Amino acid sequence: MGEEIEKKKKKKATKGRGNRWSNGAIGALIVVLLAVGISWAAAPKINLFSRINSKPCPCAKDEHKYKGMVEDCCCEYETVDHLNEEVLHPLLQDLVKTPFFRYFKVKLWCDCPFWPDDGMCRLRDCSVCECPESEFPESFKRPSNPILPSHDLMCQEGKPEAAVDRTLDRNAFRGWSETDNPWTNDDETDNAEMTYVNLQLNPERYTGYTGPSARRIWDAVYAENCPKYPSEELCQEERILYKLISGLHSSISVHIAADFLLDETKNVWGQNLKLLHDRVLRYPDRVRNLYFTFLFVLRAVTKAADYLEQASYDTGNPNEDLKTHSLMRQLLYNSKLQAACPIPFDEAKLWKGQNGPELKQKIQNQFRNISALMDCVGCEKCRLWGKLQVLGLGTALKILFSVDGQENLRQTLELQRNEVIALMNLLNRLSESVKLVHGTGSSAEKIGLTSEQKAAGCPFHKMWASLKIT
């Protein structure tokens, strides 16, 4: 009997200890919850369902929808996407593949006028190679030019089809004016240092050109030539210059993300949607500036329609030349484009007032400095596309602002063939960027937000994890 009483006492004591432990755990949990509640009350800036210090919460759905009129333009976002998908992008893709628009004249080896070139690029894809003479249209060549030795035609793993002829033919520019562009750095004269590059064999893509050297270029473009934006002190013309550079920067970032080296060991290329989100989509202003730059360049092309329609696109291939003329006419006089977005950008409102000429000269000098900075790009292929797109943007500025409002554009505007090649290739690059942003934006944003959640976590997730009892 004594043993049974002793067992009952031990069992009761054990149960009491268990109840006390359970009550203590519940009490501790209540204390923690109360502490969290008090801390939330003391910190009203933290809101799980809105923004924290004006920054989007990683776990909130943050979809950027662009509706209404593109800022400083005369066309809506939805209209731009529709016209680009149905009209502009297909025509431009065919146009830049024609022999006339395929080759760009450029001086690739340049001395940086601002600092020594360190040439930091770690991939062979960063270089631009020469092409065999037989590849170029006959009208582009110098008739007496001897064929280059075969050993000079090899690079990029010995593929001769990737080589570029570095000779020039002044007669190839018949029908085109050799005039200066007041908006660009004037050092691209015909000489032995100039070369024709097949743009189709040297696509704009990721090259491995990263680090301080690459950042220094953009830092110089923004810090030395473009004032910080937004600022109440900036006039409209200065804001437009900033937006053009920002839009071009966004477009280049889109192309790098769209054609990225996913696996260097296996040479696998594809889309890097996380990079697209991190560099462009997470910043609404960058997307808006991309659309603005696209419409700005499109306005320059449509304004010069009569001039471009009557220009000579002779490459010595009658069928291809007729195709080029046909594509240009379809682009310049497209009824859908004229009906939906007849004047993408209104340049007539700029350079007004007593200080207009002085302001124009100031911004011209700023853009000339930007074009000169392209000689400082350490990656050869990046330098190629940088020079082409800056020249294209400078050509758009020349078309819109060099005629001073005179009515007969065809008699006052004079373009070099290289300017037209750069202009149309730039418009195609911007068209591709707008299409990619519109088509992959949602997927890229989802990937970007998922990555942010994994890296930083949501406040609610952190709180819940801290309360788990193991």
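The values are calculated or read from the model by the stated rules, or taken from the named source; none is laboratory data. Given the structure is predicted, the values throughout are model-derived calculations rather than measurements. Heads up, the Cβs are rebuilt from the backbone with ideal geometry, glycines too, and the neighbour counts pull from every protein chain shown. Keep in mind that these areas ignore ligands, DNA and RNA; they rest on the heavy atoms of the full protein, side chains included. Shrake-Rupley method; radii C 1.70, N 1.55, O 1.52, S 1.80 Å.
Please compare each pair in Lys274/Lys381; Lys323/Lys387; Lys336/Lys435 to a cut-off of 22 Å on the Cα-Cα distance and tell me which ones are over it.
Details: Lys274/Lys381 24 Å; Lys323/Lys387 27 Å; Lys336/Lys435 18 Å.
Over 22 Å Cα-Cα: Lys274/Lys381; Lys323/Lys387.
Leaving ligands, DNA and RNA out of it, rank His249, His255, His438 by accessible area with a 1.4 Å probe, largest first. Intermediate results must be reported in sequence, preceding the final value.
On the way: His249 50, His255 5, His438 110 Å².
Ranked list, largest accessible area first: His438, His249, His255.
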Keeping all protein chains in position, work out how much accessible area Ser442 exposes to a 1.4 Å probe, and write it in Å² to the nearest 10.
80
Under a plain spin-label model, where a point goes 7 Å from the Cα along Cα-to-Cβ, how far apart in nm are Gln200 and Cys235?
4.6
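Give, as a single signed number, the net charge of other residues whose beta carbon lies under 11 Å from the beta carbon of Glu432, with Lys and Arg counted +1 and Asp and Glu -1. Walk me through the intermediate numbers first.
Working: positive: Arg429, Lys435; negative: Glu204, Asp259.
Here the count lands on 0.
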If unit charges are put on Cβ atoms (+1 for Lys and Arg, -1 for Asp and Glu) and the dipole of the range 279-343 is taken about its Cα centre, the option from Ser335, Phe292, Ala311 lying farthest towards the positive end turns out to be Phe292
Student exercise, the range 338-398 dipole from Lys, Arg, Asp, Glu Cβ charges, in Debye to nearest 20
80
Measuring from label point to label point, each 7 Å out along Cα→Cβ, what is the Asn369 to Lys446 span in nm?
4.5
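Just subtract the alpha-carbon distance of Ala340 and Val268 from 0.36 nm times their residue separation and send over the number in nm, one decimal. Mind showing how you got there, number by number?
Values: separation 72, 0.36 × 72 = 25.92 nm, distance 4.04 nm.
Computed gain between Ala340 and Val268 is 21.9 nm.
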Note down the nm distance, to one decimal, between modelled labels 7 Å out along Cα→Cβ at Asp180 and at Asn355.
2.6
Taking R0 as 35 Å, what FRET efficiency do you get between Lys362 and His82 from their Cβ-Cβ distance, rounded to the nearest 0.05?
0.40
Ranked highest first by the average count of other Cβ atoms within 10 Å around their residues, in what order do 314-320, 326-332 fall?
326-332, 314-320
Packing-based order for 97-104, 268-275, using average beta carbon neighbours within 10 Å, highest first
97-104, 268-275
What does the net charge come to around Ile256 if you take all other residues with beta carbon closer than 11 Å to its beta carbon, with K and R at +1 and D and E at -1?
0
